Amino acid sequence: MTTDATKLSLAGSVSLGTGVMIGAGIFALVGQVSELAGSLMPVAFLVGAVVVGFSAYSYATYSNANPSSGGIAMLLKAAYGPGVIAGSFSFFMYVSMVVAQSLLARTFGTYSLRPFDLAGSAVLVPLLGVAVIAVAAVVNVVGTGLVERSATVTAAIKIAGISALAIAAIVATGASGFGNLVDRAESGGQGQGVLGFLAGTTLCILAYKGFTTITNQGGDLRDPRTNLGRSITIAIALCAALYLLLTVSIAASLPVDRIVEARDYALAAAAEPLFGPWGVWLTIALAVVATFSGLLASIYSVSRLYDMLRDMNQAPELPFSVRHQSLLITVGLAMVVTVFLDLSRIAAMGALLYIAMDIAVHWGVIRHLSVDIGARRWVPAVAIVLDGVVLGSFVVVKLRTDPLTVGVGVAVAAAIVLSQWVVVRRRDARST
């Protein structure tokens, strides 16, 4: 029996949440967001926090009223019933988080190989990514306590290290750096206009969406009716402050074209001209810690989401008996994505699936759950509008520049819906 002494504390919950959030989102997405939003990249991260802030309301309100280890899956089930809609959007979330693990893994490989000028290796980057996923899975098998302790320590290291690096960069660039930043922003900064800015904001949301993993901690968290909402709020606020500080320092240090050129390792590129080799090594060390700890926290939370889907009879089991089935399935899928997709396509896929699921959550709260959980309907309504604007802009931009990714995203979504239709029909047939 699980006791309060062995459950997650509020600090542990925040650490796990920020562990997922402060990872590939900030280390890998800065270059991609700059390509779309230009020198308004820091503003895009700030607007992303605003969008996520409205979105978080639905999750926090439901989780405070109904804490469980299923989190989003239970919310969707409560809103739409145990059918195709709930199962499909739950799997949208699950797949988007698996994709996020691949983003973390490939970012780990990219930064680890940067000192050897092998960051673009098509073989070594995914190979290192697969290896780090395997190590993170082993740590998760050892137990919750080790995951929480490691998450707490690494979260502190990341926040302190990134803050120190960003502050040092701002001091080093001085007034001239800020003058350059303002001039670039006023001139439009090589972005893709309003659509590009909104599309960049869509990617910024990926840097915050790790807060949703906190909703999966209800069964493992002390006093969840109080601490779940607090944990979500604290995690988002911490990350927003950190991201703004860091992105301002990068935008003040490098012109947009240089950030885009070094898109997969923009933080290291920004540190090099200011601090020399030691700044690059510090950035690489922080990236390795951030991505590995992010994997630990993500595997922990996403495996519990899969457990809940299995309990709802809406997710398959392995054809043989083995312990930790959900964890093995999760890391296996993450490894496959790590091998076959690059960072840009991984990020795009994650954004498409996540925001589609997010809209479904808010609609479910408005139509079916607001009275039961005491939610104000106008907040999720605003969240739907904001999600729709950024997602629509992202799709338009991607159709112009990378239609294959949009096609693959639609195909994955269709496959999920079809599989859930088959699963629900078979389940209903067995029950009659």
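The values are calculated or read from the model by the stated rules, or taken from the named source; none is laboratory data. Everything numeric in this text was worked out from a predicted model, so none of it was measured. Surface accessibility is based on the protein's heavy atoms, side chains included, excluding ligands, DNA and RNA. Shrake-Rupley method; radii C 1.70, N 1.55, O 1.52, S 1.80 Å.
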Can you tell me which of Ile205, Ile284, Ile329 moves the most in a GNM of the chain? Springs connect C-alpha atoms under 10 Å apart. Ile329
In order over segment 236-250: 3J(HN,Hα) from phi, Karplus 6.51/-1.76/1.60, θ = phi - 60°, whole Hz, x for each Gly or Pro, gives 5, 5, 4, 5, 4, 4, 5, 4, 5, 4, 6, 5, 5, 5, 5
Carbon/sulfur fraction of accessible area - segment 227-311, other protein chains in place, 1.4 Å, %: 64 percent
How large are Rg and Dmax for segment 46-100 when only the alpha carbon atoms are used, in Å? 12.3, 36
Can you give the Rg and Dmax of segment 262-369 based on its C-alpha atoms, in angstrom? 18.8, 56
Accessible carbon and sulfur surface of segment 339-432 relative to its total accessible area, %, 1.4 Å: 66 percent
Taking a probe of 1.4 Å, how large is the accessible area per residue of segment 300-432, in Å²? 49 Å²
When the helices in the chain are scored as -39500 (n - 2.57) per DSSP H run of 4 or longer and the sum is shared across all residues, what 222 nm value do you end up with, to the nearest 500 deg cm²/dmol? -27500 deg cm²/dmol
When each pair of different Cα atoms in the chain is counted once in the 1/r mean, what is the Kirkwood radius in angstroms, to one decimal? 21.5 Å
Suppose all protein chains stay in the model; what accessible area per residue would a 1.4 Å probe give for segment 75-115, in Å²? 20 Å²
Check the chain and count each lysine pair with an alpha-carbon distance under 24 angstrom, considering only pairs eight or more places apart or from different chains. 5
